[in-house]
Amino acid sequence: MPDPVAVLAWRPFLDPIDLHDAWFWLLIPLALLIAIAYKAVRVPDIANFWRQTLLFSAQIILGIVGLFAAALVTLNVILPFWV
Amino acid sequence: MPPVVLAMRSLERPRDPTDPARMSEQTRQPHQHLPHGLDVPAGVCAMLFPGLGHFVRGEPRRAIYAAIGVLGMFLGGMLIGGIDTIDSREDKWWFYGQAFVGPLAFGADWYHQHQLKAYGIPYVRNENTGDEGYLTSDRELDPVRGPHRPRSLYPHERREMVEVTVFRGPGGKRETRTLPVAVPANTDAGEVGAPPNGKGIAKVNEIGTLYALCAGMLNLIVILDALFPTIRPKAKKAAPRASADRDNPAQPKPAPGSPGDPRVAAGEKEGGADA
(Lines give C-alpha, C1' and ligand atoms only; values in the text may rest on other atoms or scores of the structure.)
Protein backbone atom coordinates (compact mmCIF):
# COMPACT_ATOMS: atom_id res chain seq x y z
CA MET A 1 0.00 0.00 0.00
CA PRO A 2 1.57 3.32 -1.05
CA ASP A 3 2.19 5.92 1.61
CA PRO A 4 -0.63 8.55 1.34
CA VAL A 5 1.79 11.38 2.05
CA ALA A 6 4.06 10.16 -0.72
CA VAL A 7 1.11 9.99 -3.12
CA LEU A 8 0.10 13.57 -2.29
CA ALA A 9 3.69 14.75 -2.74
CA TRP A 10 3.98 13.07 -6.13
CA ARG A 11 4.65 15.51 -8.98
CA PRO A 12 3.56 14.04 -12.34
CA PHE A 13 6.31 13.77 -14.98
CA LEU A 14 8.94 14.82 -12.43
CA ASP A 15 8.82 12.08 -9.82
CA PRO A 16 8.60 8.35 -10.50
CA ILE A 17 5.30 6.77 -9.59
CA ASP A 18 5.27 4.40 -6.63
CA LEU A 19 4.26 1.17 -8.38
CA HIS A 20 7.24 -0.97 -7.47
CA ASP A 21 5.01 -3.82 -6.27
CA ALA A 22 2.76 -3.81 -9.33
CA TRP A 23 5.16 -2.94 -12.12
CA PHE A 24 4.20 -5.96 -14.24
CA TRP A 25 0.67 -4.60 -14.76
CA LEU A 26 2.28 -1.72 -16.65
CA LEU A 27 3.13 -4.13 -19.46
CA ILE A 28 -0.54 -4.31 -20.48
CA PRO A 29 -0.92 -0.62 -21.46
CA LEU A 30 2.52 -0.85 -23.07
CA ALA A 31 1.35 -3.74 -25.26
CA LEU A 32 -1.82 -1.83 -26.17
CA LEU A 33 0.08 1.35 -27.08
CA ILE A 34 2.63 -0.58 -29.14
CA ALA A 35 -0.24 -2.23 -31.02
CA ILE A 36 -1.98 1.12 -31.61
CA ALA A 37 1.16 2.76 -33.03
CA TYR A 38 2.14 -0.24 -35.14
CA LYS A 39 -1.28 -1.02 -36.55
CA ALA A 40 -1.88 2.66 -37.33
CA VAL A 41 0.60 2.38 -40.17
CA ARG A 42 0.51 -1.31 -41.02
CA VAL A 43 -3.16 -2.27 -41.11
CA PRO A 44 -4.28 -2.42 -44.79
CA ASP A 45 -7.84 -1.30 -44.03
CA ILE A 46 -8.23 1.33 -41.33
CA ALA A 47 -11.80 0.14 -40.73
CA ASN A 48 -10.37 -2.98 -39.11
CA PHE A 49 -7.98 -0.96 -36.94
CA TRP A 50 -9.38 -1.65 -33.47
CA ARG A 51 -9.98 -5.35 -34.09
CA GLN A 52 -6.42 -5.77 -35.38
CA THR A 53 -5.05 -3.70 -32.50
CA LEU A 54 -6.79 -5.73 -29.82
CA LEU A 55 -5.70 -8.96 -31.49
CA PHE A 56 -2.08 -7.80 -31.65
CA SER A 57 -2.20 -6.62 -28.02
CA ALA A 58 -3.48 -10.01 -26.95
CA GLN A 59 -0.70 -11.71 -28.92
CA ILE A 60 1.96 -9.55 -27.23
CA ILE A 61 0.54 -10.17 -23.75
CA LEU A 62 0.23 -13.90 -24.35
CA GLY A 63 3.80 -13.92 -25.65
CA ILE A 64 5.06 -12.21 -22.49
CA VAL A 65 3.07 -14.60 -20.30
CA GLY A 66 4.50 -17.51 -22.28
CA LEU A 67 8.04 -16.22 -21.78
CA PHE A 68 7.31 -15.82 -18.07
CA ALA A 69 6.04 -19.41 -17.85
CA ALA A 70 9.02 -20.73 -19.79
CA ALA A 71 11.46 -18.85 -17.55
CA LEU A 72 9.62 -20.03 -14.45
CA VAL A 73 9.79 -23.67 -15.49
CA THR A 74 13.41 -23.36 -16.59
CA LEU A 75 14.59 -21.71 -13.38
CA ASN A 76 12.51 -23.67 -10.90
CA VAL A 77 12.21 -27.10 -12.46
CA ILE A 78 14.75 -27.78 -15.18
CA LEU A 79 17.83 -26.06 -13.80
CA PRO A 80 17.55 -27.44 -10.22
CA PHE A 81 17.03 -30.90 -11.64
CA TRP A 82 19.92 -30.56 -14.03
CA VAL A 83 22.54 -28.86 -11.87
CA MET B 1 -5.70 -27.41 -60.09
CA PRO B 2 -2.19 -28.87 -60.54
CA PRO B 3 0.65 -26.79 -59.11
CA VAL B 4 2.34 -26.60 -62.52
CA VAL B 5 -0.69 -24.90 -64.04
CA LEU B 6 -0.84 -22.47 -61.15
CA ALA B 7 2.82 -21.62 -61.63
CA MET B 8 2.30 -21.06 -65.36
CA ARG B 9 -0.67 -18.78 -64.69
CA SER B 10 1.36 -16.75 -62.23
CA LEU B 11 4.00 -16.28 -64.92
CA GLU B 12 1.35 -15.01 -67.34
CA ARG B 13 0.02 -12.40 -64.93
CA PRO B 14 0.96 -8.76 -65.58
CA ARG B 15 3.81 -7.51 -63.36
CA ASP B 16 2.58 -3.91 -63.34
CA PRO B 17 2.13 -3.02 -59.62
CA THR B 18 -0.72 -0.63 -60.46
CA ASP B 19 -2.66 -3.30 -62.34
CA PRO B 20 -6.17 -3.55 -60.76
CA ALA B 21 -6.20 -7.35 -60.87
CA ARG B 22 -2.89 -7.50 -59.05
CA MET B 23 -4.07 -4.93 -56.51
CA SER B 24 -7.25 -6.85 -55.77
CA GLU B 25 -5.19 -9.96 -55.14
CA GLN B 26 -2.97 -8.05 -52.75
CA THR B 27 -6.01 -6.75 -50.93
CA ARG B 28 -7.19 -10.28 -50.36
CA GLN B 29 -3.69 -11.43 -49.39
CA PRO B 30 -2.35 -8.87 -46.89
CA HIS B 31 0.98 -10.65 -46.45
CA GLN B 32 2.09 -9.71 -49.96
CA HIS B 33 4.16 -6.54 -50.20
CA LEU B 34 2.46 -3.54 -51.72
CA PRO B 35 4.48 -1.05 -53.78
CA HIS B 36 6.08 1.90 -51.99
CA GLY B 37 6.53 5.53 -52.96
CA LEU B 38 8.70 8.39 -51.71
CA ASP B 39 7.27 11.42 -49.90
CA VAL B 40 10.08 13.56 -48.48
CA PRO B 41 7.89 16.40 -47.03
CA ALA B 42 5.76 13.85 -45.18
CA GLY B 43 8.90 12.17 -43.87
CA VAL B 44 10.27 15.47 -42.59
CA CYS B 45 6.93 16.30 -40.95
CA ALA B 46 6.86 12.86 -39.32
CA MET B 47 10.27 13.57 -37.82
CA LEU B 48 9.01 16.84 -36.34
CA PHE B 49 5.98 15.39 -34.56
CA PRO B 50 4.60 11.86 -34.31
CA GLY B 51 1.83 11.33 -36.87
CA LEU B 52 2.26 14.69 -38.61
CA GLY B 53 3.63 12.99 -41.73
CA HIS B 54 0.48 10.93 -42.23
CA PHE B 55 -1.66 13.99 -41.54
CA VAL B 56 0.16 15.86 -44.32
CA ARG B 57 -0.35 12.87 -46.60
CA GLY B 58 -4.11 13.09 -46.08
CA GLU B 59 -4.45 10.13 -43.74
CA PRO B 60 -5.74 11.84 -40.57
CA ARG B 61 -7.04 8.69 -38.88
CA ARG B 62 -3.72 6.93 -39.22
CA ALA B 63 -2.02 10.12 -38.01
CA ILE B 64 -4.18 10.32 -34.90
CA TYR B 65 -3.73 6.67 -34.03
CA ALA B 66 0.04 6.87 -34.55
CA ALA B 67 0.24 9.99 -32.39
CA ILE B 68 -1.84 8.36 -29.65
CA GLY B 69 0.43 5.32 -29.63
CA VAL B 70 3.77 7.11 -29.74
CA LEU B 71 2.90 10.02 -27.45
CA GLY B 72 1.07 7.69 -25.08
CA MET B 73 4.20 5.62 -24.70
CA PHE B 74 6.54 8.59 -24.40
CA LEU B 75 4.45 10.57 -21.92
CA GLY B 76 3.45 7.35 -20.16
CA GLY B 77 7.12 6.55 -19.66
CA MET B 78 7.70 9.97 -18.14
CA LEU B 79 4.61 9.56 -15.98
CA ILE B 80 5.81 6.20 -14.67
CA GLY B 81 9.52 6.83 -14.25
CA GLY B 82 9.58 10.61 -14.08
CA ILE B 83 11.62 12.81 -16.37
CA ASP B 84 14.66 10.85 -15.21
CA THR B 85 13.81 8.27 -17.91
CA ILE B 86 14.93 10.81 -20.56
CA ASP B 87 18.62 11.36 -19.92
CA SER B 88 21.14 11.66 -22.72
CA ARG B 89 24.09 11.70 -20.31
CA GLU B 90 23.39 9.01 -17.74
CA ASP B 91 21.34 6.72 -20.03
CA LYS B 92 22.78 7.66 -23.40
CA TRP B 93 22.26 4.28 -25.09
CA TRP B 94 18.57 4.35 -24.18
CA PHE B 95 18.33 7.95 -25.32
CA TYR B 96 19.63 7.01 -28.79
CA GLY B 97 16.41 5.03 -29.24
CA GLN B 98 14.18 7.55 -27.49
CA ALA B 99 15.50 10.32 -29.73
CA PHE B 100 13.41 8.98 -32.64
CA VAL B 101 10.36 10.54 -30.97
CA GLY B 102 11.75 13.80 -32.36
CA PRO B 103 12.09 17.32 -30.94
CA LEU B 104 9.87 16.35 -28.02
CA ALA B 105 12.52 13.94 -26.73
CA PHE B 106 15.31 16.47 -27.22
CA GLY B 107 13.26 19.14 -25.46
CA ALA B 108 12.56 16.89 -22.49
CA ASP B 109 16.24 15.98 -22.30
CA TRP B 110 17.30 19.63 -22.52
CA TYR B 111 14.92 20.55 -19.71
CA HIS B 112 16.21 17.67 -17.62
CA GLN B 113 19.87 18.55 -18.16
CA HIS B 114 19.64 22.33 -17.83
CA GLN B 115 16.71 23.02 -15.52
CA LEU B 116 16.69 20.08 -13.11
CA LYS B 117 20.25 18.81 -12.71
CA ALA B 118 22.91 20.61 -10.73
CA TYR B 119 26.67 20.56 -10.31
CA GLY B 120 27.91 18.48 -7.42
CA ILE B 121 30.39 21.09 -6.20
CA PRO B 122 31.14 20.89 -2.45
CA TYR B 123 31.44 23.91 -0.20
CA VAL B 124 35.09 23.93 0.96
CA ARG B 125 37.54 26.01 2.93
CA ASN B 126 41.22 26.02 1.89
CA GLU B 127 43.29 26.62 5.03
CA ASN B 128 46.47 27.47 3.06
CA THR B 129 45.07 30.10 0.75
CA GLY B 130 42.14 31.17 2.87
CA ASP B 131 39.71 30.56 0.02
CA GLU B 132 36.21 29.59 1.03
CA GLY B 133 33.11 28.73 -0.99
CA TYR B 134 32.27 26.61 -3.96
CA LEU B 135 35.68 25.97 -5.52
CA THR B 136 36.34 23.83 -8.56
CA SER B 137 38.24 23.74 -11.84
CA ASP B 138 37.42 23.41 -15.52
CA ARG B 139 38.62 19.81 -15.52
CA GLU B 140 36.36 18.87 -12.64
CA LEU B 141 33.34 20.39 -14.41
CA ASP B 142 33.81 18.19 -17.47
CA PRO B 143 30.24 17.09 -18.37
CA VAL B 144 31.28 13.48 -19.04
CA ARG B 145 34.09 12.53 -16.65
CA GLY B 146 34.44 15.41 -14.26
CA PRO B 147 33.68 14.63 -10.61
CA HIS B 148 31.60 17.80 -10.32
CA ARG B 149 29.58 17.33 -13.53
CA PRO B 150 25.82 18.01 -13.54
CA ARG B 151 23.87 15.22 -11.86
CA SER B 152 20.46 14.39 -10.48
CA LEU B 153 19.91 15.58 -6.94
CA TYR B 154 19.64 13.33 -3.90
CA PRO B 155 16.52 13.45 -1.72
CA HIS B 156 18.26 15.57 0.92
CA GLU B 157 19.47 18.19 -1.59
CA ARG B 158 18.01 21.18 -3.37
CA ARG B 159 19.05 23.10 -6.46
CA GLU B 160 20.34 26.62 -6.01
CA MET B 161 22.09 29.12 -8.28
CA VAL B 162 25.31 30.13 -6.49
CA GLU B 163 28.55 31.87 -7.39
CA VAL B 164 31.29 29.32 -8.02
CA THR B 165 35.00 30.05 -8.22
CA VAL B 166 36.46 28.18 -11.16
CA PHE B 167 40.21 27.80 -11.70
CA ARG B 168 40.98 27.61 -15.40
CA GLY B 169 43.97 25.96 -17.04
CA PRO B 170 47.35 25.01 -15.55
CA GLY B 171 48.00 28.51 -14.30
CA GLY B 172 44.90 28.46 -12.17
CA LYS B 173 43.35 31.64 -13.57
CA ARG B 174 40.41 32.39 -11.32
CA GLU B 175 36.95 33.33 -12.55
CA THR B 176 33.52 33.46 -10.97
CA ARG B 177 30.52 31.81 -12.57
CA THR B 178 26.91 31.51 -11.46
CA LEU B 179 26.02 27.83 -11.68
CA PRO B 180 23.24 25.56 -10.42
CA VAL B 181 24.70 23.65 -7.49
CA ALA B 182 23.33 20.82 -5.35
CA VAL B 183 23.23 22.21 -1.81
CA PRO B 184 21.94 20.51 1.35
CA ALA B 185 18.21 20.91 1.91
CA ASN B 186 18.60 20.39 5.64
CA THR B 187 19.88 23.47 7.43
CA ASP B 188 19.98 24.54 11.05
CA ALA B 189 16.67 26.30 10.49
CA GLY B 190 15.06 23.12 9.23
CA GLU B 191 14.44 21.60 5.83
CA VAL B 192 14.36 24.17 3.05
CA GLY B 193 13.20 23.01 -0.36
CA ALA B 194 13.49 19.68 -2.08
CA PRO B 195 15.06 18.29 -5.24
CA PRO B 196 13.29 19.53 -8.41
CA ASN B 197 12.66 15.97 -9.54
CA GLY B 198 12.89 12.49 -8.12
CA LYS B 199 15.51 10.02 -9.25
CA GLY B 200 13.92 6.94 -10.75
CA ILE B 201 15.14 3.62 -9.41
CA ALA B 202 14.51 -0.09 -9.79
CA LYS B 203 11.66 -1.52 -11.88
CA VAL B 204 9.70 1.69 -12.21
CA ASN B 205 12.70 3.37 -13.81
CA GLU B 206 13.24 0.40 -16.11
CA ILE B 207 9.62 0.27 -17.22
CA GLY B 208 9.48 4.03 -17.75
CA THR B 209 12.66 3.94 -19.82
CA LEU B 210 11.28 0.99 -21.80
CA TYR B 211 8.07 2.91 -22.54
CA ALA B 212 10.02 5.88 -23.91
CA LEU B 213 12.33 3.61 -25.90
CA CYS B 214 9.39 1.77 -27.47
CA ALA B 215 7.92 5.18 -28.36
CA GLY B 216 11.10 6.04 -30.25
CA MET B 217 11.27 2.71 -32.03
CA LEU B 218 7.61 2.79 -33.04
CA ASN B 219 7.94 6.38 -34.25
CA LEU B 220 10.82 5.25 -36.46
CA ILE B 221 8.36 2.87 -38.14
CA VAL B 222 5.85 5.72 -38.46
CA ILE B 223 8.52 8.00 -39.97
CA LEU B 224 9.58 5.34 -42.47
CA ASP B 225 5.96 4.70 -43.44
CA ALA B 226 5.43 8.42 -44.06
CA LEU B 227 8.70 8.72 -45.99
CA PHE B 228 8.13 5.58 -48.05
CA PRO B 229 4.33 5.37 -48.07
CA THR B 230 2.59 2.18 -49.03
CA ILE B 231 0.64 2.75 -52.24
CA ARG B 232 -2.77 1.30 -51.52
CA PRO B 233 -5.55 0.91 -54.09
CA LYS B 234 -7.90 3.87 -54.18
CA ALA B 235 -11.68 3.61 -54.06
CA LYS B 236 -12.16 6.33 -56.69
CA LYS B 237 -11.04 4.06 -59.53
CA ALA B 238 -13.82 1.56 -58.84
CA ALA B 239 -16.67 4.06 -58.59
CA PRO B 240 -17.19 4.93 -62.30
CA ARG B 241 -17.11 1.26 -63.25
CA ALA B 242 -19.81 0.35 -60.76
CA SER B 243 -22.00 3.27 -61.82
CA ALA B 244 -21.57 2.29 -65.46
CA ASP B 245 -22.84 -1.17 -64.61
CA ARG B 246 -25.93 0.27 -62.97
CA ASP B 247 -26.60 2.58 -65.89
CA ASN B 248 -26.37 -0.18 -68.48
CA PRO B 249 -28.00 -3.35 -67.21
CA ALA B 250 -27.79 -4.99 -70.63
CA GLN B 251 -24.00 -5.00 -70.39
CA PRO B 252 -22.65 -8.56 -69.90
CA LYS B 253 -21.57 -9.44 -66.38
CA PRO B 254 -17.80 -9.56 -65.82
CA ALA B 255 -16.11 -12.83 -64.95
CA PRO B 256 -15.60 -13.55 -61.23
CA GLY B 257 -12.28 -12.19 -60.00
CA SER B 258 -11.77 -9.95 -63.04
CA PRO B 259 -11.18 -6.19 -62.62
CA GLY B 260 -14.84 -5.51 -63.51
CA ASP B 261 -16.17 -7.82 -60.82
CA PRO B 262 -18.18 -5.76 -58.26
CA ARG B 263 -16.75 -7.87 -55.45
CA VAL B 264 -13.25 -6.90 -56.53
CA ALA B 265 -14.33 -3.27 -56.63
CA ALA B 266 -15.65 -3.56 -53.10
CA GLY B 267 -12.37 -5.09 -52.00
CA GLU B 268 -10.43 -2.19 -53.50
CA LYS B 269 -12.61 0.25 -51.60
CA GLU B 270 -11.93 -1.43 -48.28
CA GLY B 271 -8.23 -1.61 -48.96
CA GLY B 272 -7.85 2.07 -49.69
CA ALA B 273 -10.40 3.47 -47.29
CA ASP B 274 -9.03 6.10 -45.00
CA ALA B 275 -10.38 9.39 -43.85
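A few notes on this one:
- Rounded percent of accessible protein surface that carbon and sulfur make up, chain A, 1.4 Å probe: 77
- The order of the peptides B:91-97, B:168-174 by mean Cβ neighbours within 10 Å, most packed first, is B:91-97, B:168-174.
- Solution diffusion estimate, µm²/s, Stokes-Einstein, region B:72-112, Kirkwood Rh from C-alpha pairs, 25 °C, viscosity 0.890 mPa s: 248
- What the Cβ-Cβ distance of A:L75 and A:R51 gives, at R0 = 30 Å and to the nearest 0.05, is a FRET efficiency of 0.25.
- Amide H contacts of A:I17 (H built 1.01 Å from N, in plane; Pro and chain starts excluded): B:G81, B:G82 sit under 5 Å, all sequence-distant by 5 or more or on other chains.
- Surface accessible to a 1.4 Å probe, B:C214 within the full protein complex, Å²: 20
- Sulfur and carbon atoms: percent of accessible area, region B:118-189 [1.4 Å]: 46
- Rounded to the nearest 100, the interface formed by chains B and A buries 3000 square angstrom of accessible surface, both chains summed, with a 1.4 Å probe.
- Kirkwood-based shape ratio for region B:35-186, expressed as Rg/Rh from alpha carbons: 1.17
- Taking label positions 7 Å along the Cα-Cβ direction at both B:N126 and A:L67, the computed distance is 5.4 nm, reported to one decimal.
- Whole-number accessible area per residue in Å² for region B:118-189, which is evaluated in the context of all protein chains at 1.4 Å: 64
- Helical content of chain A, expressed as a calculated mean residue ellipticity at 222 nm, amounts to -19000 deg cm²/dmol (DSSP H runs of 4 or more residues, -39,500 (n - 2.57) each, divided by residue number, nearest 500).
- Interface residues of region A:38-58, defined as a loss of at least 40 Å² in heavy-atom accessible area between the chain alone and the complex of all protein chains with a 1.4 Å probe, are A:A40, A:V41, A:R42, A:P44, A:D45, A:I46.
- Listed peptides B:46-53, B:141-148 appear in the order B:46-53, B:141-148 once ranked by packing, highest mean of other Cβ atoms within 10 Å at the front.
- Heavy-atom accessible area per residue - chain A, 1.4 Å, Å²: 68
- Computed over region B:118-189, the ratio Rg/Rh where both radii use C-alpha atoms and Rh is Kirkwood: 0.98
The values are calculated or read from the model by the stated rules, or taken from the named source; none is laboratory data. In this text the structure is predicted, and so the values were computed from the model without any measurement. Here the Cβ is made from the backbone with ideal geometry for all residues, glycine too, and neighbour counts use every protein chain on show. Calculation scope for accessible area: heavy atoms of the full protein, side chains included, ligands and nucleic acids excluded. Shrake-Rupley method; radii C 1.70, N 1.55, O 1.52, S 1.80 Å.
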